[in-house]
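The values are calculated or read from the model by the stated rules, or taken from the named source; none is laboratory data. Note that the structure is a prediction, hence the values are computed from the model and not measured. Note that we place each Cβ from the backbone using ideal geometry, even for glycine, and neighbour counts take in every protein chain shown.
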Amino acid sequence: MEQIWAFILTNKIETLLLVFGIILLAFFITHWREVKFWWLNFSYNFPVIGGIARLAKDIEGFDENHK
């Protein structure tokens, strides 16, 4: 047990990153629907390359051929 504590104390940053990663993964698992909706919203509203930007560049507009 003493060797484990010595390893943790010598690798503080890696241990904190591992703990943070586990907490973040647990959050993603428990709130998957909200995370998925946030990502959809983020990717659609992202400036320059998002969905709204692509639609704004469509100069032909909506007609019968684009259903």
Among all residue pairs at least 6 apart or on different chains, which show Cβ distances below 6 Å where the first residue, located in the range 15-38, is under 21 Å from Trp5 (Cα atoms) and the second is surrounded by 10 or more Cβ atoms within 10 Å (Cβ to Cβ)? Thr15/Ile8
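The rows are residues; the columns are (1) surrounded by 10 or more Cβ atoms within 10 Å (Cβ to Cβ); (2) at pLDDT 90 or above.
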site: Leu25; (1), (2): yes, yes
site: Leu40; (1), (2): yes, yes
site: Phe46; (1), (2): yes, no
site: Gly50; (1), (2): yes, no
site: Gly61; (1), (2): no, no
